[in-house]
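Novice: Below you will find the structure I want to go over with you.
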Amino acid sequence: MVKAVKLADIAEKVGVSVVTVSKALSGQKGVSEELRERIKVLADEMGYVSIHAPQGAKNKSYTMGVVTFEGYFMKFASFYWKMYQEFATRSVQKNCFSMLEVITKYDEDSLVLPKLMQENRVDGIVIFGRPKKDYLKLLYQNRRIPMIFMDFYDEEEAVDSVISAGYYGMYRMTEYLIRNGHTRIGFAGTLLYTESITDRYFGYCKALMENGIEHRQEWVMKDREFSDGIIAPDYRMILPENMPTAFVCNNDVTAYFLIKQLEEKGYRVPEDISVVGYDDYLYPELGASKITTYSVDMGEMAKVALGCIIKRIENLAVGTNLHVVNGRVIERESVKKIN
């Protein structure tokens, strides 16, 4: 099978950026006529097939690379595995193919570029979950094909990103507790580990402030260490001496393990302490969820991400955007209404 010629292949031969090649072949401004003609001639010689399909044509097939990290796949079936299934399903519906690569902790620490990028096997890359800072720099330095981020964003670089409405979602979950009579509310999540956790924390703070409720730092608990980022059953959250009546947790897995830890200390949930989560996702091994939560619309996130990466493959010069996907509150059994 003859390997398809990509824009990056032409850019390397000419010694220009992929954006310049895209502009030249699509007739956009910003390229001299001499360079445009040179690029077009080389593209023809290399056998490049234009990705700009005429109106009415069927969707062109692309190969999408999905890259995520071992820390998000430890021990249990991951939230990102479920998200990848949603993305893969929608890719097939669009006549596209997806390939998943999980970067090991060793390769992430050693700054080993994903094989999907090394071997130039895909048309675009979707990064699931924030990598370590140095690895993110590595991805930027080797960005020869379109790339977008899923479930995180980076303010330092212009990269398309698709996230859930973490700030607004956690605001709604905190408001839900307040409507149920709670004014002593804590937060479980390691701040600054990811933008999503910190955004959710700020949503929690906003709800407290708007309702005139005191924010107490001793009620903000870490749910993981920065060194590995793993949420595990044996991680002991430091419970405050003077307990609140409720906790909002940055995800359902944290909420589940917090409930277990509270029960070990003799507290009943929700009779003594109410707990809410975020994501509407538990490891399947943990059984059916009884946690009131904010449901992330993974299907819609996958749909938006796929549409975004296809658009960028077909026109590298389009502007970058942060896409925020709303979810909804799911009421279950972990909250008690109090006076």
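Novice: Among bridges DSSP assigns within the chain, what percent are antiparallel (round to 5)?
Specialist: Looking only at bridges with both residues in the chain, the antiparallel portion is about 10 percent.
Novice: List the residues, sorted by chain then number, that are 5 or more residues from Arg224 or on another chain and whose placed amide H is less than 5 Å from its amide H.
Specialist: Long-range HN contacts for Arg224: Thr190.
Novice: In whole Hz, what ³J(HN,Hα) sequence does region 87-103 give by Karplus (6.51, -1.76, 1.60; θ = phi - 60°), x for Gly and Pro?
Specialist: Coupling constants for region 87-103: 5, 5, 4, 6, 5, 4, 4, 9, 6, 10, 10, 10, 10, 9, 10, 9, 7 Hz.
Novice: Further question on the same structure: Tell me, His215, His182 in order of fewest to most beta-carbon neighbours within 10 Å?
Specialist: Ranking His215, His182 by Cβ neighbours within 10 Å, fewest first, gives His215, His182.
Novice: Right, here's the next one. Explain nothing, just the number: dipole magnitude of the chain about its Cα centre with +1 on each Lys and Arg Cβ and -1 on each Asp and Glu Cβ, in debye rounded to the nearest 20.
Specialist: About 720 debye.
Novice: When only DSSP loop residues count, what GluC sites (Glu not before Pro) in region 267-339 have their Cβ near at most 14 other Cβ atoms within 10 Å?
Specialist: Glu271, Glu331, Glu333
Novice: Sticking with this structure for a sec: I'd like to compare 32-40, 6-14: which one has the highest average count of other Cβ atoms within 10 Å, and what's the full order after that?
Specialist: For the peptides 32-40, 6-14, the packing ranking is 6-14, 32-40.
Novice: Multiply the residue gap between Asp234 and Lys311 by 0.36 nm, knock off their C-alpha separation, and tell me the result in nm, one decimal place.
Specialist: Working: separation 77, 0.36 × 77 = 27.72 nm, distance 4.36 nm.
Here the answer is 23.4 nm.
Novice: Still on this structure: Provide Val21, Val5, Val92 in ascending order of the number of other Cβ atoms located within 10 Å of each residue's Cβ, fewest first.
Specialist: Val92, Val5, Val21
Novice: Residues of region 126-159 with amide nitrogen under 14 Å from the 7 Å Cα-to-Cβ point of Glu12?
Specialist: It comes to 142-145, nothing else.
Novice: Using 1/(1 + (r/R0)^6) with R0 = 30 angstrom and r between the beta carbons of Gln141 and His215, what's the FRET efficiency to the nearest 0.05?
Specialist: In this case the efficiency is close to 0.15.
Novice: Hey, another quick one. With labels modelled as points extended 7 Å from the Cα through the Cβ direction, what inter-label distance (nm, one decimal) is found for Phe226 paired with Lys94?
Specialist: With each label point 7 Å from Cα toward Cβ, the separation is 3.6 nm.
Novice: Under the 0.36 nm per residue contour assumption, what length would be gained going from the current alpha-carbon distance of Phe202 and Ile330 to full extension? Write down the numbers at each step before the final one.
Specialist: Working: separation 128, 0.36 × 128 = 46.08 nm, distance 2.08 nm.
So the chain would gain 44.0 nm between Phe202 and Ile330.
Novice: Might you report the magnitude of the Cβ-based charge dipole of region 166-295 about its Cα centre, with Lys and Arg at +1 and Asp and Glu at -1, to the nearest 20 debye?
Specialist: Taking the Cα centre of region 166-295 as origin, the dipole is about 280 debye.
Novice: At 222 nm, what helix-only mean residue ellipticity would the chain give, in deg cm²/dmol to the nearest 500, using -39500 (n - 2.57) for each DSSP H run of four or more?
Specialist: -11000 deg cm²/dmol
Each reported figure results from applying straightforward, stated rules to the coordinates on display, with no laboratory input. Quick caveat, the model's predicted, so the values are computed rather than measured. Here Cβ is always computed from backbone atoms with ideal geometry, including for glycine, and neighbour counts include all displayed protein chains.
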